[in-house]
Amino acid sequence: MRRIRHHNPRDHQPALRGRWVWIALTTCLFLAALRLHWMPCLVTGRSMEPTLASGDWVLLDRHAYRHQPPQRGDIVVARVGRERLIKRIVGLPGETVEIRKGRLFVNDQPAPEPHPILSGPLDIAKGQLRPDHYALLGDNRTISDLLPLHLIVHRDQVLGKVIAVLPLGTFFKSARRHEPAPPGTHAAAT
């Protein structure tokens, strides 16, 4: 006589549980490693319009400048006091930087700005950058009376380079049409 063996689902539970624990642990380690290299940030404010809108998410590469210096035109997040601000690099160490009626001049020459800007009446007096210092400026030059629109930061204050943008602020702009926006552009790290 032949014995019929019934399948008991509990026989495989320890193996399945061990597999799920391994998957969860691997996922946590992977996310922790990502967090050490990249940092998601939420944009708040209007000083980087039209490039970035309040509500956009950006991905910051913390190691972008490990082997090369920051370049003019890079969008970066810098720590100023307890705040993180998102701006574009417009001046490099040793350069003379000036803003006349919203137009950027570097070493007394008009500097090309191939990215979109909102031109306005912004004037910033000429000044020479010290070694390891960078001039940062928002793309929205129409809000000249609001600070922090421009910054001079030391290289150590630059937290990283923006490498990706998820434009949720632009996508949901019509839903927020009547909300007042904060003046400066901040980056809230998550």
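What follows is calculated from the coordinates using simple rules that are stated; it is not laboratory data. Predicted model only: the values in this text are computed from it and were never measured. Reconstructed Cβ throughout: ideal geometry from the backbone, glycine too, with neighbour counts over all protein chains shown.
Let me know the shape class of the stretch 82-152, please: from the alpha-carbon gyration tensor, a ≥ b ≥ c as square roots of the eigenvalues, rounded when a/c is under 1.5, otherwise prolate if a/b is greater than b/c, or oblate. Could you put the intermediate results ahead of the total?
Values: a/c = 1.57, a/b = 1.09, b/c = 1.44.
In terms of gyration-tensor shape, oblate.
Got a sec? How would Met39, Met48 order by Cβ neighbour count within 10 Å, fewest to most? All intermediate terms of the calculation are to be shown ahead of the outcome.
Numbers: Met39 19, Met48 28.
The most exposed by this proxy come first: Met39, Met48.
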